[in-house]
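Q: Just dropping this structure here.
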Amino acid sequence: MSEGNGNCSLVEVADGLKAKYEQPRAALVPLLFAVQTRDGRVTDEAEQEIADLLQIDTEQVHEAVTFYPLLSEKPLGKILIQVCHNISCSLLGVEPLIDVLENELGIKAGEVTPDGEIGLRRSECLGCCCDAPMMLVGEKFFGNLTEEKVKDVVAKLKAGEEVVNDSPLTPTNEIENPALSGNFKVPNASSIKVAEARGAYQIAKKVLKEMSPEEITNQVKASGLRGQGGAGFPTGLKWSFVPKTDGQKYLTVNCDESEPGTCKDREILRRDPHKLIEGIIIASKAIGVTKSYIYIRREFYEPAQILDRAIQEAYDSGYLGKDILGTGMDLDVYTHPGGGAYICGEETGLIQSLEGRKGWPRIKPPFPAVQGLFWKPTVVNNVETISNVPFIMEKGVEAYRSRGTEKSPGTKLFGVSGHVKRPGVYELPMGVPLRDLIFGYADGIREGHSLKAVIPGGSSVPILKAEEIDVNMDFESTAEAGTMLGSGGAIVMDETVKIPEALEVLSRFYAHESCGQCTPCREGGIWIYKILHRMNSGLGRKGDIELLLDLAANMDGTTICPLAAAAAWPVQSAIKKFPEEFEALLY
Amino acid sequence: MPKIKINGNEHEFPEGMNVLEACKNVGIYVPHFCYHPLLRTVGSCRMCKVEVSQNMRGSMQSRIDISCKVEVADGMEIRTDTPEVKKQQQMTLEFLLSNHPLDCPVCDDAGECELQNFYFEFGQHDSRMIEPKIKNRKAFDIGRSIVLDNERCVLCSRCSRFLEEVTHTHELGIFGMGSAESIMLKPGARLDNDYAGNVVDLCPVGALTDKDYRFKRRVWYLKSTPSICEHCARGCNVRVDWDLNPYHWHKKTFQMRKHRTEATDLQRIQRIKPRRNDAVNKEWICDTGRYGYKSTDSADRLTQPVINESGELKPVEAGAVIKAFVTGLNSAIKSNPGKVAVVVSPKLTNEEIYAAWSLFRKRLELPNLDHKLPVDPEWTGDDLLKSADPFPNRLGCEWIGFVPDGNGLGVEDLNLAISNGKIDTLLTILADPREFLEEKSLSKLKRKFFILRNLPEDLKEHVDAALPAAAWGEYRGTFTNFEGRIQRLEAAFDPEGEAQPVWHWMIELATGMKKSLKWRKTEDIMHSLSDHVINYKNLSYDSIGPEGVVVGDKA
Ligand SMILES: Cc1cc2nc3c(=O)[nH]c(=O)nc-3n(C[C@H](O)[C@H](O)[C@H](O)COP(=O)(O)O)c2cc1C
Ligand code: SF4
Ligand code: SF4
Ligand code: SF4
Ligand code: FES
């Protein structure tokens, strides 16, 4: 993710970036970050400069600048503090901490200190829910925030001192024969020497030399591996949809990780990037691609740096590049920064964004497997999905299927955040009881409190009441229980939580993250948020609940992508499960 | 061709047609905002929902889908009238209206606003939005002729797609994200391209309005007449929207805007809109064509026959001017027919040119006829619509033969011919002679006759006698465009004052010169034209039809 530095002219940066893509326009967002780093904001002149470099219109540049939350026409401050105010952080008290920040800095969120040094911003989910509450200070990460920590950071910034990453390793577990987390506790596993010593790239070597693409795809198909990005689509089947022609094809790895409650892919990037790279090599052989992009949300500064380093090492060791390990296969792997928009996690939104456009999802069909990135056949897979591939190839279908259920085989990284004693990311067999996840691995509800509700699979899925948590965490059982496995990130709430307030936080998120194309999503999302905000401010009116349900019903399944539905489900389920709390707000 | 059922009735449609167009073809209008047949389909407004049933693995499966995107497929069944379809349409409207201002009473688009129309047809709910509506820019000047009201915008992106895909100028974009997004000029830009006016036509609501039309008339007072633009050789298909009643003012604004002059109140043409003709102008026109109607009702219109009496132009009976023309022409011809030059503008219709040719060439055998007026050096064509030739009927002039004969003189020879006395009599029709004659040639001419629509103040001193010609909007006939397409113009209203179409004056003049031409209406002239000029063979107004027909070597 080279964004250039003072020594490099923008032209050189642009040339370097353009070489990565089939179409120069794809360099747009990374270039915009380069000028934003250079100038402290994106000026009209810089837009012109970039438009000229990429031979596009300034209107197209300006669209991107105004669309992506991480880009700004206004000065952001030399150091920008971004505080997540989404569900997990808000459950753990981020709002009082934002007050502290505002007081200490003497500015409101959204402003910059008068000397132009420090900017403060509220942000939607930053994908670190298990370390909540958290914030980013420039590119540095601060988790498990407390008032003291926050004050300390501000004091250092004011004194002009460097601040350093405060990102302790997220709690994880031990599991026999791990598919994903085997290196999580190994110091320095992101270094290729350490990873190789633990067997990294062995299976890739073998597969490249001994197996045909069809054999790989068939093995992945037989393993029953399903997409871990939320939709659970069978991975082998997805690969087999790619036309078996010689033309250019792409593998795009989705590391946008922005669904509130989800923070698993970040652990793979930080703690075992070579697993992902090895998975990419095998998948690329199966699909027949020579170029793969990893789309990483830009707020993952530290994980992206680790991954970039790992990729470089893999090139240096001959696992990537031309004629990999003498097998005749070529493969380039590039990382590409996201612009801070949740919708770019949706696969066609991601493709649009990678191409240098606004992340406006495309109407399907055509599906990406037929016409995706640069309108070429493209597989979009989640980081965790691809990271499962080395295990499946090495240990075989039987071993993979020996855990989990018939339809949801294998293990998965489950996140637990919110009001638990030990929030973390745990690799467990599919079908693990939700109760075990919360009360076993995450060590139960925080001291002196009791469970009230769980959103089991990332913010979009229907909520469960305390008495409903005897459900197994696999695709089928969650569906039977009227909810979904989603991304497997459980958000746990204790009895202190007012459901309408939690819902307001979520609806603020969906209203903010609508890409704005579809009428129901653009208008409905903000309307729902306004109603909830009013209700929570003591101005609920008769009819509000019916109106909320009606708006939600009309967002569900009526739009181009599922974001509008994802915004509707929490509303429907929260009102269904906790009607009395909403009724109590009506006057 | 796929056979599909729409609301129970089976029809056949061409492969690739979308369901929205298919429905339209059988008279069922599916409401929509973002879809436009000439722009990329984005499927974002979600208004055009229908129920689509298709055979999937052996059984009929139904879903609600957007008709602008779904293509017809054999065996498909469409319903536009189910309760679920109606509900989704109503809901989409409710969403769109949730932040829409209550501007209809002061909005130019009222009466032709799709939001308003659909609301009456499909909506009719009471607003359930009690939160404050999102405030946004209003009456924002974004270009020479365009005003933007962001509160009224439904974000259909038709305008920005037009500027991206058709003009490639990108002045407008949808900036921001989600509910914060709005349509706006890109930094530093103004919407001033030659085709800017089209965005107003494309806008399904009153978010983009035309300064030229703002607050002029309620649309329900307008009458429409099909016509052809007379400003270049493309011959764009247009509609003249007109109203003769000066009291049909936007009352409220009349009070608000006292500075409006009486003259603008009395304009008959209120605006020009493109008509769709994919072979000529798709559904676009350039701004020259759009705003070029003003001369029809301008203050310098010549509305009466005039004769110069001792240095002053006096209104007279038409007969007196005809007599002056006849006497003058006769005496010139008697001395030498070569002393007369007749110059017509290629703005004349085929019928008018043929009438003039019939009189001057066929009957009077004058050698010096021409139509080749010089082209305004300011005028440039482009590769979208604007032709490099700013005249609508040059090809008609050539085909009919309104050109110098063997030894005859053309427009470019006239200065020399006048200075050495070869020519002393000039008749110009719809042309200002100063465009091709030097001042001294003009003064040297013995006789100068004019047939004019407009008589600018500074031309008056040169006029001996002039007949008033009907202006654009006041006559019917046909033009032959650059590719040989014959297209019809209809008269919207009667000519101002005593003005008459040129063909009428030709008949009067012929009668005066005892060379009678026996036509009573333009159809009669077309009939003769089709009999006598090869390229117009077998043409009639009926056979020309609404799209025109291409004839000649380009057919
Ligand atoms: C609004 C929205 C956001 C999404 N965000 C992500 C994301 O951050 N990461 C991800 O892997 N998938 C995300 N998805 C799912 C992707 O569209 C896609 O299904 C997935 O990347 C496919 O990979 P998989 O089959 O390996 O799961 C999102 C989907 C939607 C509708
Ligand atoms: S549903 Fe929402 S996020 Fe998805 S394409 Fe439509 S407007 Fe964008
Ligand atoms: S201004 Fe009009 S045409 Fe443009 S997006 Fe808005 S509603 Fe559509
Ligand atoms: S392109 Fe030519 S014919 Fe068309 S509107 Fe413009 S001037 Fe008139
Ligand atoms: S017209 Fe079909 S979605 Fe807008």
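Coordinate-derived values only; no laboratory data. In this text, all values refer to a predicted model and were calculated from it rather than measured experimentally. Neighbour counts are summed over all protein chains in view; Cβ atoms, including those assigned to glycine, are modelled from backbone coordinates with ideal geometry.
Q: Taking the Cα centre of the protein assembly as shown as origin, sum charge times position over the Cβ atoms of Lys and Arg (+1) and Asp and Glu (-1), and report the length of that vector in debye to the nearest 20.
A: Numbers: 137 positive and 162 negative charges, 440 e Å.
For this selection, approximately 2120 debye.
Q: Continuing with the same structure: Given the pairs A:Lys108/A:Lys149; A:Lys542/A:Lys577; A:Lys193/A:Lys322; A:Lys395/A:Lys421; A:Lys206/A:Lys249; A:Lys108/A:Lys421, which span a C-alpha to C-alpha distance of over 26 angstrom in this model?
A: Details: A:Lys108/A:Lys149 19 Å; A:Lys542/A:Lys577 19 Å; A:Lys193/A:Lys322 21 Å; A:Lys395/A:Lys421 34 Å; A:Lys206/A:Lys249 23 Å; A:Lys108/A:Lys421 32 Å.
Correct reply: A:Lys395/A:Lys421; A:Lys108/A:Lys421.
Q: Could you tell me the distance between the Cα centroids of the range B:494-555 and the range B:115-157, to the nearest Å?
A: First find each Cα centre; the distance between them is then 48 Å.
Q: Just from its helices, what would the mean residue ellipticity at 222 nm be for chain A, if runs of 4 or more DSSP H residues each count -39500 (n - 2.57) and the sum is divided by every residue, rounded to the nearest 500 deg cm²/dmol? Walk me through the numbers on the way to the answer.
A: Numbers: 23 runs with 234 residues, N = 587.
That comes out to -12000 deg cm²/dmol.
Q: Of the peptides A:20-31, A:303-314, B:128-139, B:344-355, how do they stack up when ordered by the mean number of other Cβ atoms within 10 Å, highest first? Could you put the intermediate results ahead of the total?
A: Details: A:20-31: 21.8, A:303-314: 20.3, B:128-139: 13.8, B:344-355: 28.2.
Per-residue Cβ counts within 10 Å, averaged per peptide and sorted highest first, yield B:344-355, A:20-31, A:303-314, B:128-139.
Q: Between their Cα atoms, which of B:Lys339/B:Lys460; B:Lys49/B:Lys86; A:Lys151/A:Lys498 are more than 18 Å away from each other? Intermediate values should be presented prior to the final figure.
A: Values: B:Lys339/B:Lys460 23 Å; B:Lys49/B:Lys86 9 Å; A:Lys151/A:Lys498 28 Å.
Over 18 Å apart, Cα to Cα: B:Lys339/B:Lys460; A:Lys151/A:Lys498.
Q: Another question, if that's okay. Send over the Kirkwood Rh of the protein assembly as shown, from the inverse of the averaged 1/r over different Cα pairs, rounded to one decimal Å. Write out the running numbers ahead of the final one.
A: Details: mean 1/r = 0.0293 Å⁻¹.
Value: 34.1 Å, from the Cα pair sum.
Q: Might you report the magnitude of the Cβ-based charge dipole of the range A:79-158 about its Cα centre, with Lys and Arg at +1 and Asp and Glu at -1, to the nearest 20 debye? Please report the intermediate quantities before stating the final value.
A: Working: 8 positive and 13 negative charges, 23 e Å.
With only Lys, Arg, Asp and Glu charged at Cβ, the dipole is about 100 debye.
Q: Please report how far the C-alpha centroid of the range A:314-343 lies from that of the range B:290-340, rounded to the nearest whole angstrom.
A: Each part reduced to its Cα centre gives a spacing of 82 Å.
Q: Ignore the peptide's own chain and count Cβ atoms of other chains within 10 Å of each Cβ in B:182-195; give me the average, rounded.
A: Details: counts 2, 0, 3, 2, 11, 11, 6, 4, 0, 0, 0, 0, 0, 0.
Taking all residues of B:182-195 together, the mean is 3.
Q: List the residues, sorted by chain then number, that are 5 or more residues from B:Ala196 or on another chain and whose placed amide H is less than 5 Å from its amide H.
A: Counting only residues 5 or more places away or on other chains, the set is B:Asp287.
Q: Per residue of B:146-155, how many C-beta atoms from partner chains lie within 10 Å of its own C-beta, taken as a mean?
A: Per residue, the average neighbour count from other chains is 1.
Q: How do B:214-225, B:236-247 rank on mean C-beta neighbours within 10 Å, highest first? All intermediate terms of the calculation are to be shown ahead of the outcome.
A: Details: B:214-225: 16.3, B:236-247: 18.8.
The peptides rank, most packed first, as B:236-247, B:214-225.
Q: Right, here's the next one. Please give the average number of partner chain Cβ atoms lying within 10 Å of the Cβ of each residue in B:41-54, rounded to a whole number.
A: Numbers: counts 1, 6, 6, 11, 4, 11, 1, 0, 1, 0, 0, 0, 0, 0.
Per residue, the number of nearby Cβ atoms from other chains is 3 on average.
Q: Sticking with this one: Before anything else, pin down the relative contact order of the range A:466-587: Cα pairs under 8 Å, at least 6 apart, normalised by residue count, whole percent. Present the calculation step by step, with values, prior to reporting the outcome.
A: On the way: 128 pairs, mean separation 29.6, N = 122.
Answer for the range A:466-587 is 24 percent.
Q: Using packing as a proxy for protection, rank A:97-110, A:341-354 so that the peptide with the highest average count of other Cβ atoms within 10 Å comes first. Before the final figure, lay out the partial values.
A: On the way: A:97-110: 16.6, A:341-354: 26.8.
Averaged packing, sorted descending, gives the order A:341-354, A:97-110.
Q: A follow-up question, please. Beyond 48 Å, what share of the Cα-Cα pairs of chain A is found? Please give it as a whole percent.
A: On the way: 12891 of 171991 pairs.
Here the tail beyond 48 Å accounts for 7 percent of pairs.
Q: Just add up the charged neighbours of B:His11: K/R +1, D/E -1, any other residue whose Cβ is under 15 Å from the Cβ of B:His11. Kindly include the intermediate steps, with their values, before the conclusion.
A: Numbers: positive: B:Lys3, B:Lys5, B:Lys24, B:Arg79; negative: B:Glu10, B:Glu12, B:Glu15, B:Glu21, B:Glu71, B:Asp74, B:Glu77.
Once all neighbours under 15 Å are counted, the net charge is -3.
Q: In addition: Once each part is reduced to its C-alpha centroid, what is the distance from the range A:254-268 to the range B:352-380 in angstrom?
A: That distance is 77 Å.
Q: Treat every Asp and Glu Cβ in chain B as -1 and every Lys and Arg Cβ as +1, leave all other atoms uncharged, and give the resulting dipole magnitude about the Cα centre to the nearest 20 debye.
A: Working: 75 positive and 80 negative charges, 124 e Å.
So the dipole magnitude of chain B works out to roughly 600 debye.
Q: Just the projected area, averaged over all directions, of the convex hull on the alpha carbon atoms of the range A:192-400: how many nm²?
A: Numbers: hull surface 42.6 nm².
For the range A:192-400, averaging the hull's shadow over all directions gives 10.6 nm².
Q: If you don't mind, another one. Report, in listed order, any pair from B:Lys323/B:Lys448; A:Lys185/A:Lys264; A:Lys20/A:Lys264 with a Cα-Cα distance greater than 22 Å.
A: Pairs exceeding 22 Å: A:Lys20/A:Lys264.
Q: A follow-up question, please. Give the cross-link partners of B:Lys211 among the lysines, using a straight C-alpha distance below 22 Å as the criterion and excluding same-chain residues fewer than 8 apart.
A: B:Lys138, B:Lys186, B:Lys223, B:Lys251, B:Lys252, B:Lys258, B:Lys273, B:Lys294
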